[in-house]
Amino acid sequence: MSTTSPREINKVLIANRGEIAVRLIRGLKEMGIATVAVYSDVDREALHVLCADEAVPIGPAPAVESYLVGEKIIAAALRCGAQAIHPGYGFLSENGAFCDAVEAAGLVFIGPTAESMAVMGDKLSARRKMRTSGVPVVPGTDEAVTDPGKAQEIADQIGYPVLLKASAGGGGKGMRIVNAPQEMASALRETRGEAGAAFGNDAIFVEKYITAPKHIEVQVLGDGRGHAIHLFERECSVQRRHQKVIEECPSPSLTPALREEICAAAVRTAEAISYRGAGTVEFILAPDGSFFFLEMNTRLQVEHPVTEMVVGVDLVRAMVEVARGGGIIYRQEDLRQRGWALEFRIYAEDPGRNFAPSIGKIATLNIAGGPGVRLDSGVYEGFAVPIHYDPMLAKLIVWGETRDLALARSRRVLRESVLHGVTHNLPFHLWAIDQPSFRDGSYTTHFVADHFDPSTWLPGLADDARTALLQAAVLCEAGRRGNGGDANPAQPPVGNWHRNALRAMTRNT
Ligand code: MV4
């Protein structure tokens, strides 16, 4: 149920960890709101714990014993006198039962209603809702299909290839491409089995498979009373196994007319369900310029900063004010996109080992700054990265007046940045922004699969080996240049090897 009476919120518990917990704490502090962190045993020294006004232990490292235990989180909020809980993204952020339990405890859930989560969590109900709202959906069925013959009949009508999708799935889970009629029976049987096992719901529907699409999503804000605005689009087509890696705002693929059409469809989506708070309506854009509703994410998303930097808004503040019952703090007519922003997700993964997760202690974290650069980080030098959670360490967001300027700035920042202690994907980002299809904006969701070849990637040097190589290069360089005029030529420039290394790295540009 959406409340309209004002709700006092002067202390908020953040039911999350990592960079998003830090980002939420920062936004809440700027509003003069006290903050409560929760942490598992391995996160005792985590950045979000150090940043919050208060912190409450909630159990052992595994998320199922800590960050996913709603009762513990609600109990912590009640004990600390928090009036509200912000779930961030992931964990319990789209768990309707948790949302209801928070509100049943007399607390405010800073996010949508459980009802909105349910409608959009069931892809078939979402499709039906979109159709009645005049939002284009991919050609396919609005009911579950169980009979292979029926599925073949539908596929014959819409044309192969088709996609079998789990109604309870999302984010790429429970999807299977079917290229020909003879594959249908086994594909349907297997997809139903997987969906039943993964989601406890084996409802499967059929959609036309849009080949080589682009992923366009629209940020929306709803007041919970039937009014919503959009805050323009983001393009998130650089994904690996449905994990977004680089996002940007605006999309390089939208004309002003298409932008207006897609954003209007997103507002209709939000208003059709009286959506409350921040949400994202996902579309796929086909090569011929047609677009189709994919799903709605009923949470604040990882990539929200590119919208904040281009549209000049604070989405966390906006969410809190809606939760307070104060409505939407922005007017549609006042919002514009200005400039361009790219977000680079910094993962503790090794691109050379097929992005296998890497653990370790952050030895050096020196992400370059400068004009138009934002770093949302959940780690610091000396922090031991736990293996129990998502490997994303931080997000580097770079803004420029134009896309080319944002790309040039991104390249400068990525080359200047140093991260030691874990293997990471910063070199992957440098590679990606130099690819022709990225630079000209024509890339699709097939970008990584089509262009990145792990076998040709430089083997992930062990961090100390990498440092040694870097120092050796600097010493050679110093020797070649007569030691750069250091006071004590007999001593290699060990003290300033870091700066020389940076200089050596950037000079190689
Ligand atoms: C599709 C599609 C092509 N045709 N549906 C991926 C997860 C979820 N967002 C839905 N997804 C897709 N649905 C039809 N009918 C292609 C994808 C898809 C995708 C979509 C957006 C961003 C990245 C993607 C990666 C692979 C597949």
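Which condition number does Phe355 fail, the rest of (1) under 23 Å from Glu308 (Cβ atoms); (2) in contact (Cβ under 8 Å) with a residue 40 or more places away in the chain being met?
In the conditions (1) under 23 Å from Glu308 (Cβ atoms); (2) in contact (Cβ under 8 Å) with a residue 40 or more places away in the chain, Phe355 misses (1) alone.
Need the failing condition index for Glu333 against (1) of a type in the set (Asp, Glu); (2) open to solvent by 10 Å² or more (accessible area, probe 1.4 Å); (3) within 15 Å of the ligand (Cβ to nearest atom), just the number.
(3)
For the structure I just gave you, tell me whether Ala166 is of a type in the set (A, V, I, L, M), open to solvent by 30 Å² or more (accessible area, probe 1.4 Å), outside any helix (DSSP H, G or I) and closer than 20 Å to Ser186 by Cα.
No.
Working only within region 229-249, note down all residues that are open to solvent by less than 10 Å² (accessible area, probe 1.4 Å) and more than 16 Å from the ligand (Cβ to nearest atom).
Ile229, Leu231, listed by residue number.
For (1) surrounded by fewer than 20 Cβ atoms within 10 Å (Cβ to Cβ); (2) within 13 Å of the ligand (Cβ to nearest atom), each residue gets a yes or a no:
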{"residue": "Asp142", "(1), (2)": "yes, no"}
{"residue": "Val145", "(1), (2)": "no, no"}
{"residue": "Ala155", "(1), (2)": "no, yes"}
{"residue": "Arg189", "(1), (2)": "yes, no"}
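In region 442-461, how many residues are surrounded by 14 or more Cβ atoms within 10 Å (Cβ to Cβ) and more than 16 Å from the ligand (Cβ to nearest atom)?
Summing the residues that are surrounded by 14 or more Cβ atoms within 10 Å (Cβ to Cβ) and more than 16 Å from the ligand (Cβ to nearest atom) in region 442-461 gives 3.
Within region 6-46, how many residues turn out to be crowded, with 18+ Cβ neighbours inside 10 Å and in a helix (DSSP H, G or I)?
So the count comes out to 12.
Could you please tell me which pairs satisfy a Cβ distance under 8 Å, a separation of 6+ or placement on different chains, a first residue in region 271-295 that is modelled with pLDDT under 95, and a second residue that is open to solvent by 10 Å² or more (accessible area, probe 1.4 Å) and more than 16 Å from the ligand (Cβ to nearest atom)?
Pairs found: Gly289/Leu258.
Hand me the list of helices (runs of 4 or more DSSP H) wholly inside region 47-111 holding 2 or more residues that are within 24 Å of Ile387 (Cβ to Cβ) and not assigned by TED's automatic domain parsing to the domain that holds Ala318.
So the answer is 47-51, 70-80.
The values are calculated or read from the model by the stated rules, or taken from the named source; none is laboratory data. Every value quoted in this text rests on a predicted model; they were computed, and no experiment measured them. Glycine gets a Cβ as well: all are built from the backbone with ideal geometry, and neighbour counts include every protein chain shown. Ligands, DNA and RNA are excluded from the accessible area calculation, which covers all protein heavy atoms including side chains. Shrake-Rupley method; radii C 1.70, N 1.55, O 1.52, S 1.80 Å.
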